[in-house]
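Below is one structure, written out as C-alpha cells; comments come after it.
The values are calculated or read from the model by the stated rules, or taken from the named source; none is laboratory data. Given the structure is predicted, the values throughout are model-derived calculations rather than measurements. For neighbour counting, all protein chains shown are included, and Cβ atoms are generated from backbone atoms with ideal geometry for every residue, glycine included.
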Amino acid sequence: MITKQLTHPESIVVVGGSNDIQKPGGKILKNIVDGGFNGDLFVLNPKEDLIQGIKSYRDPEELPQVDLAIIAIAAKYTPEIVDFLAHKRKTRAFIIISAGFSEESEEGRFLEDKVVKTVNEVGGSLIGPNCVGVLTPQHHSVFTKPIPKLDKKGCDFISGSGATACFIMEAGIPKGLTFSNVFSVGNSAQMGVEDILKHMDENFDPENDSHIKLLYFESIEKPKLLLKHASSLIKKGCRIAAIKAGTSEAGSRAASSHTGALSSPDNAVSALFKKAGIVRCYGREDMISIASVFMYPELKGKNIAVITHAGGPAVMITDTLSNWGLNVPAIKGKEAEQLKNELFPGSSVANPIDFLATGTAEQLGVIIDHVDQKFDHIDAMVVIFGTPGLSKIDDVYEVLDQKIKSACKPIFPVLPSTLTARDEVETFVSKGHVYFPDEVNLGIALSRVFYTQKPGDLSGEEMQVESKRIRQIVGASEDGYISPENIQALLDSVAIPRVIERTYYQKETLLNDIDQLDYPLVMKVIGPVHKSDVGGVSLNIKDAETVLSEFERMMDITGAKGILFQPMLSGYELYAGVKKEDKFGHLIMFGLGGIFIEIFKDVRSVLAPVNKKEVLNELKQLRGFKLFQGVRGKAGIDENKFADIILRLSKLVQLAPEITELDLNPILAECEKVVAVDARIRIEK
C-alpha cells in the first residue's frame, strides 16, 4: 500500500544524512533541498547538530513526529531505527537506500524481513531496500543523477533497477524525453513495480497524471496484478512500455510434452504483455524509442509520408516501415503536381518526398501543409533533416516546431546531426519536443506501437460445459498423465471435437472386437510419452492380420500399457497445448502441428482466459496462416473452428487448474472439419 506520507509527506528525516555529498546520505539530502521540498526536513546523525544547513538530531528520542524516513545507514542498524520511527514517531513511509539485505545474504534477508514486518504492522509504505530512491514533484528523494525537470506530461518510470532507471534517463533526456515520477523499488521487499502501478491505476487523474508508464522488471512476482492494472490504465488512455530482463534462463527446460518443450517463463511474460496491451522492449535505447513515440499523438493509420532532404535515410526508413507492416504509399495526382511546382527542380513528391539538400525551411513548411491538409490517404509524417555543417538550420527546426504544434497529423522528427547541429537540436528540445536520432529505430518503434493490441475483456468467453463432470474426473485422477478414457471424457466435457477411439489393454479383448473394426485405422501405443520415437505409431492399417501383429509388437515396447485405435483421417496437422507457468497461470500455445512443431516452431501464445478476438488476432500472425486461407487450389481451414478449440481449452483449464500440461497434437483440419486426433493431459494437485 502506498501511503500519503510517501507521495506527499509534510515532513522528512534523512537517517544517515551528512555533509559529504559524495556519499548517498549526503547527496540525497542535497537533492531534497535543491528540489525545493516545502515541508519540515530533519537529519538524524549522532555526530552533527547542523548538516547542509538542516537541523540534525544526535538522538532519535529527540526527533519530532515525521511522515517519511529515508534510511542511509548500514543494514544491521536499520531494523531498530525503523521500529522506533514506526511505533514512536508515527512514521508511515520509508525509503531504504542502503544495501546489504536479501540481495546479499540470508542474514540480510532476515534483517529485511524484520523491517517489512514492522512497516506492515503500522500500515506503512516501504520502498527498497537497495534502491536509489523516489523522484516526484513533491520531493527529490534520490541520491543519483540525472534529476530531470519533472513534467506531468512526461513519463512515469517504475524500475526494479536504480542503475537502469538512471541510464535510461541519462540517454533519454537529451533527446527530449521528459519524466513525471520515478520510483526505484530495489529489492521490492514490500512493494514491487506491480504495486506502484496498482496505486497509479487506482488513483489515476486523467487531467494531472502522466499517460505514459515505463516499467523495468528483473522479476515479475505478481503477474495477475500487473495484468489487471496495466490493462486498466491502458483502457483509461495510458500507454505502457516495459522491459523484462533475465530472459536467458534455461527457458525450454527438459519437459515431457511438446508444450513443455516449447514454453518458457519468458513466453509467459510476452503473452502477459500482449494481453495487457504493453509494448515489450528489449533494451534501454529500445525503450527510449518506444517512449518517444508515446510522446506524440497516436498513429491512427498505416500510411506514412517520409519527408527528407537526404536520400539514403529516406530509403532506409521506407524499407523499415514496409518490412514492419506500415506503408509508404505513392503520392500522385493534381495536388502532388502543385506541390512539386513549389519545390526546386529535381525534387520528388512520389513518397518519399525529397526536396533536395538545397531545400529551404519555407519549402518544408509547404510540404508539411500539403501532406497535412490535401493528401487524405496519409496518416502521419516522418521528417528527416540534418546538416553537413555548411550553415545553421535554426529556421528549419523553427518551422518543424510550429508545424508539430499546429498540424492535425502526427509529425515524427528525425534529427541525425546531433553533433554538427547540436545547438539547433538543443533549442528544438527546449521547446518541448522529443526527436529521434535514427530513422530505422523510429520505423521499428512506430510499427510495434501501432500493432500492439489494446486490452480486451480479461474474463474469457462464456460457454456451456459440463463443469461437474470435469471436477469429478480430475478429483478421481492421480497426479501424472491421466488415462485415455479420462482424457476423452474431459475433452467431451468442453465439447472439443475428437476422433472416436477404442483402447485395448489385452489381446483377448481385441480378438472379441476384431470383426467390428473399421478400416483404415491408426494404432498408437499408450504409455511412452513420445510415441513416434519408439515406433509406437502405425498408420493406414487395412486388415485384421496387421492389427494383431502390430498389437503384439507395440505391447513389447518398454512402458507400453495398451494400444489406442483411431480411424485413419487426413488433413493439415495443427497443434494446441497448455502449460501451467508458475504465478502466471496457464499459457495456451497453438499453431502448425505434427512432427514439424519443434522444427518450425510456428506457434503463438496466449494467457488463459482468452476471448475469441484475441485468439483470431494471434492466429493471423502465424507464418503458416496462408494454409487457413487455402493454397494452390487446396481448400483452406475454418479458422473459427480452430479458434473455438482454443477457447474451449481455456475454459477447461479454468475449471481444472490442476492441469499442468496438455497436448492436442495433431489436430487434423480439412475445410470445416477440425478434429483432435491425439491428446495428453498431465495433472498435479
* Asked: Is it fair to say K153 is closer than 30 Å to H433 by Cβ, at pLDDT 95 or above and either buried (at least 17 other Cβ atoms within 10 Å of the Cβ) or under 23 Å from the mean Cα position of the chain (by Cα) (or both)?
  -> no
* Go through (1) buried (at least 17 other Cβ atoms within 10 Å of the Cβ); (2) in a strand (DSSP E or B) one by one and return the number of the condition E670 breaks. => (1)
* Which residue pairs have Cβ atoms closer than 7 Å, lie 6 or more positions apart in sequence or on different chains, and pair a first residue in region 337-359 that is farther than 26 Å from L326 by Cβ with a second residue that is at pLDDT 95 or above and of a type in the set (A, V, I, L, M)? -> E342/V366
* Qualifying positions in region 53-66 - farther than 20 Å from Q5 by Cβ and surrounded by fewer than 19 Cβ atoms within 10 Å (Cβ to Cβ) -> G53, R58, D59, E61, E62
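For every residue, the table says whether it meets (1) crowded, with 23+ Cβ neighbours inside 10 Å; (2) touching a strand residue (DSSP E or B) at 6+ places or on another chain (Cβ under 9 Å).
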residue	(1), (2)
D369	no, no
D372	no, yes
D379	no, yes
V383	yes, yes
Y397	yes, yes
S406	no, no
V414	yes, yes
S417	no, no
A421	yes, no
* Asked: Among the listed residues S98, S102, which satisfies the condition of being surrounded by 22 or more Cβ atoms within 10 Å (Cβ to Cβ), part of a loop (DSSP other than H, G, I, E, B) and in contact with a helix residue (DSSP H, G or I) (Cβ under 8 Å, 6 or more places away or on another chain)?
  -> S98
* To do: Using the structure shown, decide if G192 is touching a Ser or Thr at 6+ places or on another chain (Cβ under 9 Å) and at positive phi.
  => no
* With respect to A242, is the statement that it is small (G, A, S), in contact with a helix residue (DSSP H, G or I) (Cβ under 6 Å, 6 or more places away or on another chain), outside the structural domain of I73 (by TED's automatic domain parsing) and modelled with pLDDT of 95 or more true? -> no
* To do: Taking F110 as meeting all but one of (1) in a helix (DSSP H, G or I); (2) crowded, with 19+ Cβ neighbours inside 10 Å; (3) not charged (D, E, K, R), write down the number of the exception.
  => (2)
* Among residues belonging to region 290-323 that are small (G, A, S) and touching a strand residue (DSSP E or B) at 6+ places or on another chain (Cβ under 7 Å), point out the one that is surrounded by the fewest Cβ atoms within 10 Å (Cβ to Cβ). => G311
* Pick out the one residue from G25, G17, G35 that is farther than 25 Å from E112 by Cα, touching a residue at least 40 places away in the same chain (Cβ under 8 Å) and among the small types (G, A, S). => G35
* Structure fact -> For V185, the lone unmet condition from (1) touching a residue at least 60 places away in the same chain (Cβ under 8 Å); (2) among the β-branched types (V, I, T); (3) more than 25 Å from R422 (Cα to Cα) is (1)
* Having 3 or more residues that are in contact (Cβ under 8 Å) with a residue 60 or more places away in the chain is the bar; report the strands (runs of 3 or more DSSP E) wholly within region 525-633 that clear it. => 562-567, 572-581, 585-592, 603-607
* Structure fact -> For region 38-51 the number of residues that are touching a residue at least 24 places away in the same chain (Cβ under 8 Å) and under 24 Å from A99 (Cα atoms) is 7
* Asked: For region 493-511, how many residues are farther than 24 Å from D556 by Cα and touching an Asp or Glu at 6+ places or on another chain (Cβ under 8 Å)?
  -> 3
* Structure fact -> Subset of region 407-453, residues within 12 Å of V382 (Cα to Cα), out of contact with any Ser or Thr (no Cβ under 8 Å at 6 or more places or on another chain) and hydrophobic (A, V, I, L, M, F, W, C), comes to I411, F412, V414, L415, L446
